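Chemist: Before I ask anything, let me first share the structure, which is written out below as C-alpha cells.
The values are calculated or read from the model by the stated rules, or taken from the named source; none is laboratory data. The structure displayed is predicted, hence computed values, not measured ones. Here Cβ is always computed from backbone atoms with ideal geometry, including for glycine, and neighbour counts include all displayed protein chains. Each accessible area value is taken on the protein alone, full model and side chains, heavy atoms only, with ligands, DNA and RNA left out. Shrake-Rupley method; radii C 1.70, N 1.55, O 1.52, S 1.80 Å.
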Amino acid sequence: MTERLPEPLRKKIADRLAFYEDLGIRFFYRDRSPSPHEVLSSPASVSHSSVQEESTLPKPVRMPALQKTSPTMPPKLVPAPLPVAAGPSLFEATEKIVGDTLLRVREDLGECTRCKLHSTRRTIVFGDGNPKAELVFVGEGPGADEDAQGLPFVGRAGKLLTQMIEAMGLQRRDVYICNVVKCRPPENRQPDDDEVTTCSPFLFRQLDVIAPKVIVCLGAVAAKTLLQTNRGISQFRGQWLEFRGRKLLATYHPAYLLRNPNAKGEVWKDLQKVMAVLGLEVKKGKSA
Ligand code: SF4
C-alpha cells in the first residue's frame, strides 16, 4: 500500500523540485550505492567505494552551496528515469545543461522572487555584453544606478571598469559583465550567504553558456562564490586559479579602487596577465 505524504511535506518537495527545474535540473537519480550496513559488513567494498567516489566526485567548489539547498527527500520519492545505477549526479546535472542558452537562463530566472532581495529591487540586472566573450567580468551585485537602468556596472565604478577594459585594448561590447546576485542589496550592503546561494546557480549557468577563456572576479564576493573559499582576496589576488576548467583570476573591485586609487597599479598588473592569456598587446605603463 502506498503511504501518502503529509500535505506540507508534499508542497515543500514540489516547491524544491520547481526550484531545481528553474535551474535547469530536470532529472534525478536514485542513489544505488550499498547501504551503510552492506558497506560496513564488507571492508573491501569500503575502500573500493571510497576510491570510486573520490575519483568521480565533482570538485569541492560547488558541493557546499548545493548541500545547503538540496532537499532531504527519501530515496523512494526520487524518480529514476534510467534503469541503470550510473547517472549524472545532481551536481553534474547542474554543472552542464546541454543546449542551454543565455535566453533560457534569463527565462528561468523570470521575475524572480527566490530570495529576499526581490522585495527592494527595481530591476533584475542579468548581465550585458558579448554572449560569446572570451573574457567575463563577474562583480558582486547591482548598485543604485544599475538597479535603475537594468545594466551592470554603469555607475562610477562601472565607468572605471569601462576604462580598465579600454586600457586592455577592448570595448565593453567585446566582454560580458555580470554579477553574483542579480538584484540590488539594500544600502549597497554585501549580499547575504543565502542570497548568494540562491542566485549563484544562474551565474554558473551564464558562465557555462558563454564558456569564456578567462573569468575575472571583481572583488571578494565574486571570488569567494566561484572558488567557494573563505580566504581573503588578498591571499590569491592576481593568481591564476580555475573555475570548472576555465582560467579564473581575482582582482579588486573598481569600487575599491575608487576608495583606494593606489591599488590601481596592482589591478593593472592583474589585467596584463589576462591580456597575455588573451593574446592582447601589453602596452607598457598604460593603466586606467
Ligand atoms: S537576487 Fe537573484 S535569487 Fe534573489 S530575487 Fe534577485 S534574481 Fe532572484
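Chemist: Is segment 177-272 best put as rounded, prolate or oblate by its Cα gyration tensor, with a ≥ b ≥ c the root eigenvalues, rounded for a/c under 1.5, and otherwise prolate when a/b is larger than b/c, oblate when not?
Modeler: oblate
Chemist: Here's something else I'd like to know. Counting only protein chains, not ligands or nucleic acids, how are SER234, SER200 ordered by accessible area (probe 1.4 Å), most first?
Modeler: Sorted descending by solvent-accessible area, the residues read SER234, SER200.
Chemist: DSSP loop GluC sites (Glu not before Pro) in segment 102-171 with at most 10 other Cβ atoms within 10 Å of their Cβ, which ones?
Modeler: Sparse-neighbourhood loop GluC sites (Glu not before Pro): GLU111.
Chemist: Considering the options GLY169, PRO185, PHE137, tell which one lies farthest towards the positive end of the dipole of segment 104-193, charges being +1 on Lys and Arg and -1 on Asp and Glu at the Cβ, about the Cα centre.
Modeler: PRO185
Chemist: Under the classification rounded if a/c is under 1.5, otherwise prolate if a/b is larger than b/c and oblate if not, where does segment 204-259 fall, given a ≥ b ≥ c as square roots of the Cα gyration tensor eigenvalues?
Modeler: The shape class here is prolate.
Chemist: Right, something else. Using modelled backbone amide H atoms (1.01 Å from N, in-plane), which distant-in-sequence or interchain residues come within less than 5 Å of GLY139's amide H?
Modeler: Placed amide hydrogens put CYS178, ASN179, VAL180, LEU218 under 5 Å from GLY139.
Chemist: A further question on this structure: Past the 22 Å Cα-Cα mark, which pairs from LYS182/LYS269; LYS182/LYS264; LYS116/LYS182; LYS11/LYS182?
Modeler: Checking Cα-Cα distances, LYS182/LYS269; LYS182/LYS264; LYS11/LYS182 exceed 22 Å.
Chemist: If packing is taken as the average count of other Cβ atoms within 10 Å, what order do 220-231, 114-125, 4-15 fall into, highest mean first?
Modeler: By packing density, highest mean first, the sequence is 220-231, 114-125, 4-15.
Chemist: Could I ask something else about it? So which GluC sites (Glu not before Pro) in segment 207-288 pass both tests, a DSSP loop state and at most 16 other Cβ atoms within 10 Å of the Cβ?
Modeler: Here the GluC sites (Glu not before Pro) that fit, given the DSSP loop and packing criteria, are GLU281.
Chemist: Given axes a ≥ b ≥ c from the Cα gyration tensor, I'd like to know whether segment 121-207 is rounded (a/c under 1.5), prolate (a/b larger than b/c) or oblate.
Modeler: Oblate is the answer for segment 121-207, as a/c is 1.5 or above yet b/c matches or exceeds a/b.
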